[in-house]
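Everything on this sheet refers to the single structure shown next.
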Amino acid sequence: MMAMAALNDAMIPIEDLSQVFSDMTPLPQNDGSDRVCVIQYPTAFALAYNYMRAIWQSKEMSQRALKLTATCAKLNPANYTVWHYRRQCLKDLGLASNEDAVRQDLALAAALGGPNPKNYQIWYHRRALLETHGVKELFCRLELDYIKDVLREDAKNYHAWSYRQWILEAVDDEELWKEEMDFASTLIDEDIRNNSAWNQRWFVVHRGKQDGKPLSMNEARLEADFAIDKGISVDPYNESSCRYLLSILKEQLLEGEHDLAKKLVEEHEAKVSNLRLAFEKTNQDPGKCVNLTATWIDLLEMMGDKESLQKAVSLAKGQATEHDRIRTKYWLFRAKQLQNGIDE
Amino acid sequence: MDENAVVTLDIGGCTTTTTTTAPTSLFYHGRHVQYIEKLSVALNSTKSYEGAVTEHLRMSGIYWTYAALSLLVSPGQADSILGVHCCSRPSNDEKTDQDYRPSIVEWVYRCFDERSGGFGGNIGHDGHLLYTLSAVQILAMANTEISQEKREAVIQFVISLQQQDGSFSGDQWGEIDTRFTYCALCTLSLLKALDRVDVSQAVEYIASCQNLDGGFGSMKGAESHAGQVFCCVGALSIAKSLHKIKHPDLLGWWLAERQVDSGGLNGRPEKQADVCYSWWILSVMTIIGRVDWISKDKLASFIAKAQDPEDGGIADRPEDMPDVFHTFFGIAGLSLLDVEVSHIGCSSKRQLAIVSNGINGKFVVADVAKATKDCGCILHTTSDALASQCRAMPILAAQVNEIQSTEEAHARKKEGVTIAIGGSHRGYTEFLAPFTDGIIANQFLHGFWLFPVMMSADLLSKDT
């Protein structure tokens, strides 16, 4: 994280603004009225931005302009035009490809973003800097560590995950993929309900490629087992692990070797069926776990034989009438769909 | 508009388990109008801090404000409250900030960024797709013809942002996100210039962003997220390419699963419900014809509970502070739940004139039927096609009448006819504004022209 002193160096203090820009006339936000504006005593915010607008109008690209963008970004990190201008200054000053300058700007963005940044501009600034400079090994590590810090604050930060995926794909290093697999597993351990972590696992196991090539049967088996052992058995109420299992199996059915895929489905249908039995053994109604039932229905459908489909129809009707009435019409549709599968 | 105007939401009986004291079935129509009006004035004040920190996205803020208000009052009233076409203020001795403000349309044009050809979030900002779409939407709602020159500049701006793989960046800096594909295609379709970009390549890119759980993310590989799903499906719909959704039932199921016990919808598994997803998700479910897969009653109840009954406005969830963003999306969501949010009270009138040119015939019929279900109305329409469809419905007898003049509008009003705008109301709004009682809520959306919802050809066939 950027030390306070370094952060201050990157900005112009509010009290110095009038002096640093003594040669310029501050411009208030134009609201289209073109009236003669009586400048009231401006707040710090207004003063900084009034000078920023003057700079934009003059198109000055300089150190003081660069520093002013930092001051303004601190006051409002979501102001995209400020970030644009900052990058233009960096380019103009020859700093965009300078490693130290890039490192400082990444630190600045981190300092301004706070522990859990959720603004597009700050995240994109990092990417823009690295797209220009290149995601070298050094930056790759720094960035992955930074993202980890953010995810510690909020393990589901969507921006953080998108950016993380970009870094991993851009570098495409086997060691990193393996480390990332561990990282995703750790997050799932810590919070099985973290859907982003499950999504990341999918991303990593496919090495980021979305070209339709399925996992090998061995990999698929490992993943399906993981979904059951570390996911559904631990918390059958969790949606993410169920969807993960079904996606793995579906991918094999659609893109892999059909017979092997069918076998994999059968193995896991049996496992899910057993998990439901475990409910009954503790005198609980397995129907109460809507998720598990929905997953079993999908697996029975994948099995495709008449008996399985009939079972699925009956389960779907149970969801409609009793267990998942908030989605009654969906389940009635599903039951009909499954019944059509039998009739064909 | 009476600030105390309250409309009972006809959402059927629904039991709730929360103990909030606010009634769950009331829609604080008048309060919301007040809220929007107050907020838009407050943000423009030179003393407003909130106004200052959101000035860079004011274009979108105005869009949410204008669109929300347009769902609540007639176009004429919305125009006058916000000063869309002209900023007429009562003259008094002390001029305030407001008195100097330009009209919204004038202000929008001031936000045009010559360098890029797009619109910025406010005057002086760089052009960006997000604000370009909001600008074009505002101008469309205001029924303003954009100049040839500007139209071409905007088209060139959008074209310049398409990448080789069909995706779009938000501006010349290059951030890629499926949100921008939606912004690009929606902007161009509103300008009737969709053919100026490579639509099929854009479609291919979106299709490649579909995940195996049925949802869509911001890029390939990104986690499925309801907001991104809206952008992707909306884009496909505009491009008449809904068939590219590989697993529509799975998508419907993924969306239906977003409904949690409170009745609200979340954006991803295991996240909190938020009113804005009422729009992102409901609109997609409407487009793909599976809106019945959630409990509409429970959702409407959730949104209703997120209202502030005293000061108006809708928050992200019950008990939180309202904001204009959630107010807009909450109302828009309610409008898709067959909840009558316009103040047309047709039960006391025997005739309803809906001025529509029938482009969205199928959709109009469904909504007219819902809006007039109990009042045995005679529908006046300008469209033969719409008339014949309405004649087939048991409750309506349609007459093809065109209200061509203000005299005729006046005469109809005197006869006790309720006049509403439906469908693409371009060309009628101006002269009908003084006579218009309101807008059939869903139909307002079609004033956005080619809004995704209307493109779903099989919409009515799912309506069983």
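The figures follow:
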{"quantity": "Test result for A:Asp92, of a type in the set (Asp, Glu), closer than 24 Å to B:Ser169 by Cα and either away from chain B (no Cβ under 14 Å) or touching a residue at least 60 places away in the same chain (Cβ under 8 Å) (or both)", "calculated": "yes"}
{"quantity": "Members of the range A:139-172 that are over 24 Å from B:Lys271 (Cα atoms), part of a helix (DSSP H, G or I) and touching a residue at least 24 places away in the same chain (Cβ under 8 Å)", "calculated": "A:Phe139, A:Cys140, A:Leu142, A:Glu143, A:Leu144, A:Ile167, A:Leu168, A:Glu169, A:Ala170, A:Val171"}
{"quantity": "So A:Ala109, is it farther than 23 Å from B:Val53 by Cβ, away from chain B (no Cβ under 14 Å), assigned to a helix (DSSP H, G or I) and among the small types (Gly, Ala, Ser)", "calculated": "no"}
{"quantity": "Helices (runs of 4 or more DSSP H) contained in the range B:194-309 and holding at least 2 residues touching a residue at least 24 places away in the same chain (Cβ under 8 Å), at the interface with chain A (Cβ under 9 Å from one of its Cβ atoms) and small (Gly, Ala, Ser)", "calculated": "B:248-256"}
{"quantity": "Residues that are charged (D, E, K, R) and buried (at least 20 other Cβ atoms within 10 Å of the Cβ), drawn from the range A:128-148", "calculated": "A:Glu143"}
{"quantity": "Among the residues listed as A:Asp235, A:Asp211, A:Asp189, A:Asp172, the single one being more than 14 Å from chain B (Cβ to nearest Cβ) and either farther than 30 Å from A:His133 by Cβ or surrounded by fewer than 18 Cβ atoms within 10 Å (Cβ to Cβ) (or both)", "calculated": "A:Asp189"}
{"quantity": "Subset of the range A:134-159 (residues that are within 14 Å of chain B (Cβ to nearest Cβ) and under 26 Å from A:Ser97 (Cα atoms))", "calculated": "A:His159"}
{"quantity": "Filter pass, B:Thr181 being under 24 Å from the mean Cα position of the chain (by Cα), surrounded by fewer than 20 Cβ atoms within 10 Å (Cβ to Cβ) and touching a residue at least 12 places away in the same chain (Cβ under 8 Å)", "calculated": "no"}
{"quantity": "Of all residues making up the range A:306-344, the number that are facing another protein chain (nearest Cβ under 10 Å) and touching a helix residue (DSSP H, G or I) at 6+ places or on another chain (Cβ under 8 Å)", "calculated": "11"}
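Here is a yes/no grid of residues against (1) away from every other protein chain (no Cβ under 11 Å); (2) buried (at least 21 other Cβ atoms within 10 Å of the Cβ); (3) of a type in the set (Gly, Ala, Ser):
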| residue | (1), (2), (3) |
| --- | --- |
| A:Cys242 | no, yes, no |
| A:Gly256 | yes, no, yes |
| A:Asp285 | yes, no, no |
| A:Gly304 | yes, no, yes |
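A quick yes/no check of all residues on (1) closer than 27 Å to A:Lys118 by Cβ; (2) buried (at least 17 other Cβ atoms within 10 Å of the Cβ):
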| residue | (1), (2) |
| --- | --- |
| A:Ile55 | no, yes |
| A:Met61 | no, no |
| A:Leu66 | yes, yes |
| A:Cys72 | yes, yes |
| A:Ala78 | yes, yes |
| A:Cys89 | yes, yes |
| A:Ser97 | no, no |
| A:Asp100 | no, no |
| A:Ala107 | yes, yes |
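A short reminder: the numbers here are calculations on the coordinates, not readings from a lab. Just so you know, these numbers come straight off a predicted model, no measurement behind them. Note that we place each Cβ from the backbone using ideal geometry, even for glycine, and neighbour counts take in every protein chain shown.
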